[in-house]
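Bear in mind that the values in this text are calculations on the coordinates, not laboratory data. Please read all numbers here as calculations on a predicted model, not as lab measurements. Glycine gets a Cβ as well: all are built from the backbone with ideal geometry, and neighbour counts include every protein chain shown.
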Amino acid sequence: MTDTSAETPIAELEEMGRQIRVLVLEAVAHAGAGHIGGPLSAADILAALYFRVLRIRPDEPDWEDRDRFVLSKGHCAIGLYAAMARRGFFPIEELKTFDAIDSRLQGHPDMSVLPGLDMSSGSLGLGFSAALGMAMGARAMGRSYTTFALLGDGECNEGIVWEGAHVARRFGLDNLVAIIDHNRLQQFGWRGATPAERTSPYEAGELASRWAAFGWQVEEIDGHDMKAVVDALEDARDASGPVAVVALTTKGRGVSFMEGSYPWHSQVPDPVELRQALEELGMPDGILGRSGR
Amino acid sequence: MTAAVGKALRNVWAETLIELAAEDPRVVVLDGDLANSTKADLFEQAHPERFFQMGIAEQNMLGAAAGMAAVGMIPWISTFAAFAVSRALDPIRVLIAQPGLNVNVTGAYSGLLAGKTGKTHLSFDDLAVMRALGKMTVVAPGDETETRQAVRALTFDEGPSYLRLTREGSPVIFDDAYRFRIGRAVTVREGGDVTLISTGVQTARVLEAAGTLEGAGIDCLVLHVPTIKPFDTDAVAEAAARTGRVITVEEHSIVAGLGGAVAETLGALHPTRIDRIGLPDGFGESGPDDALLDKYGLSPQRVADAIEGLLQRG
């Protein structure tokens, strides 16, 4: 199997984004638990990474020179699992074990049980530090891989993110890329005009200026424009220092009643809601459903 | 009785890492801006390309170390025990202990003696916290020889570790024939009246106390337990069986450290009267080393007095 999917056309990546969303909804509904809003906002980024940008070998998950990927926003684990399964790291059927007892697909990523998972995460901010260490390790050992970390915008509340951003610039790490899924909601966040309206963790432009202030090259893109996502990530690989890609996204993207709705951070759809969501995504029968949900 | 003086443990730690880095390209040191205190500055001089200054940011330092271990390196951490164990506990828990990565956390300046710094810099809950953390190997060496061997053993032992060092105290307990093994306690003095169990540099003070007690007709067995986890339960149970009375002594809180481990062990394997000598529930203070050891009951004389009192009370 080839170790890169560099030829995957944009339209096919968009289709992968759609399938990741479908799998996320089905797996969370099946498990009766999990997060939805974040995985849906990150689905296009995950599709770009796993089907085009990352140099990986699903049939050789421990390949030493593979690119490293750290899902620092670990609560979006099911989005990562959907991408990995669809990419061939494990059978898609296994997504039905998400959150189940003895499953390799833990509620938050656990590298000690799932091959192909480069780092455990879940306590926010930590994964980014680990990604920094992977990039430092690559340089120290003369390896040419790139490390990508996906963070949430709410996650950037954590001080450790800025501890890491500081030293990454100081070390001039040109092999580290931080992608911020700027979906403009966190679990609860600060109150807006009414209790039901929650404000974005950061104002427009605020995250980009913060990363820039820490000496990072910053690119702000539409995180649902697949070509923009791919171009930004591929450019970031070739940059001369650490790069932050601030991807403007919508929490719950692709399902009308989930978009921009903070309770869908971790709400489980009932059968009617699941049916409606899958219809809106154009796959009313789902993917897991075909094999007997 | 005046004990022999060896090298400071922090110097031995740095010297050993310098040797190991020359042997193995995976060995690196990450510093939290304390290298000229922990002696990691010696490592920077010897291997500048393998030394990473992470600034005053302990959480990120531990997180980055986990990332380095995940890609095949063997990181050692240079900071004070208080800042590693308390400030950076979450990355140690989530990124190091849970995945079982080979990151070796050094808690320099542990215990009561941290250079007149006061309670913010003292650490006497580190053994309790680290031993409660799954998968952690926890070692508190007693002297130069043991420190040298422990650093080497932990480097090549897969999985996470916490190495407890101290700023002060450079006793000599072992000669070159000694062989440290992870998880193995060692009898450093034979005796029949009471078993004294200690760890780290406190063992040298306990040996001195045992010498004093000999003059009072009390024959002490001294068991040195450098590895707090995994705990040598067989050795502890056997020593308890030989004397029928156990007193633990540690430069650590009496809560959940060595004394706790001994109590847990003997409660199941050999129920025995156990008394614990150590720091009381609290936080300590700044002051000269001798005054601190005396006030908090850890000097050889205070330990001897306490043991004698305990045995007299029956």
Flagged links, alpha-carbon separation over 23 Å, of B:Lys7/B:Lys39; B:Lys119/B:Lys295; A:Lys73/A:Lys96; B:Lys39/B:Lys295:
B:Lys39/B:Lys295
Just to confirm the number: angle between the C-alpha axis of helix B:300-313 and the first principal axis of chain B, 0 to 90 degrees, nearest 10?
40 degrees
Compute a Gaussian network model of chain B, connecting alpha carbons closer than 10 Å, and tell me which residue from B:Leu122, B:Leu62, B:Leu20 fluctuates the most.
B:Leu20
Take peptides A:124-132, A:263-271 and line them up by average Cβ neighbours within 10 Å, highest first, as a rough protection proxy.
A:124-132, A:263-271
On a full-extension model of 0.36 nm per residue, what is the gain between A:Asp59 and A:Ala11, subtracting their alpha-carbon distance, rounded to one decimal in nm?
14.8 nm
In 10 Å bins starting at 0, how do the alpha-carbon pair distances of the protein assembly as shown split up by percent?
3, 17, 24, 20, 15, 12, 7, 2, 0
Counting only other chains, and only Cβ atoms inside 10 Å, what mean value do you get across the residues of B:71-77?
4
Long-range amide H partners of B:Gly6, meaning residues 5 or more apart or on another chain whose placed amide H is closer than 5 Å, are B:Ser170, B:Val172
Over what distance in Å are the Cα centres of the range A:43-76 and the range A:181-260 separated?
19 Å
Describe numerically, in nm with one decimal, the distance between label points set 7 Å from Cα along Cα→Cβ at A:Thr194 and at A:Ile101.
4.4 nm
Of A:Ala130, A:Leu105, A:Tyr81, whose Cα points farthest to the positive end of the dipole of the range A:51-143 (charges on the beta-carbon: +1 Lys, Arg; -1 Asp, Glu; origin at the Cα centre)?
A:Ala130
Magnitude of the Cβ-charge dipole of chain A, K/R +1 and D/E -1, about the Cα centre, nearest 20 debye?
420 debye
Distance in nm between pseudo-label sites at B:Thr120 and B:Ile56 (7 Å out along the Cβ direction from Cα)
0.9 nm
Would you list, by chain and number, the lysines whose Cα falls below 17 Å from the Cα of A:Lys227, excluding same-chain residues fewer than 8 positions away?
none
Just tell me how shielded B:82-91 is by partners: mean number of partner chain Cβ atoms within 10 Å of each residue's Cβ, no decimals.
1
Kindly express, to the nearest 10 degrees and within the range 0 to 90, the angle between helix B:144-156's C-alpha long axis and the longest C-alpha principal axis of chain B.
50 degrees
In straight Cα distance, which lysines are under 22 Å from B:Lys229, not counting same-chain residues fewer than 8 positions off?
B:Lys135
Charge dipole of the range B:9-164 about the Cα centre (unit charges at C-beta), most positive-ward option of B:Ala82, B:Ala70, B:Ala40:
B:Ala82
Placing +1 at every Lys and Arg Cβ and -1 at every Asp and Glu Cβ, with all other atoms neutral, what dipole size does the protein assembly as shown have around its Cα centre, in debye to the nearest 20?
680 debye
For chain B, averaging the sequence separation of alpha carbon pairs under 8 Å that lie six or more residues apart and dividing by its residue count, the contact order in percent is 17 percent
Straight-line reach from A:Lys251: which aspartates and glutamates fall under 16 Å, measuring Cα to Cα and dropping same-chain residues less than 8 apart?
A:Asp44, A:Asp153, A:Glu155, A:Asp181, A:Glu197, A:Glu203, A:Asp222, A:Asp225, A:Glu259, A:Glu280
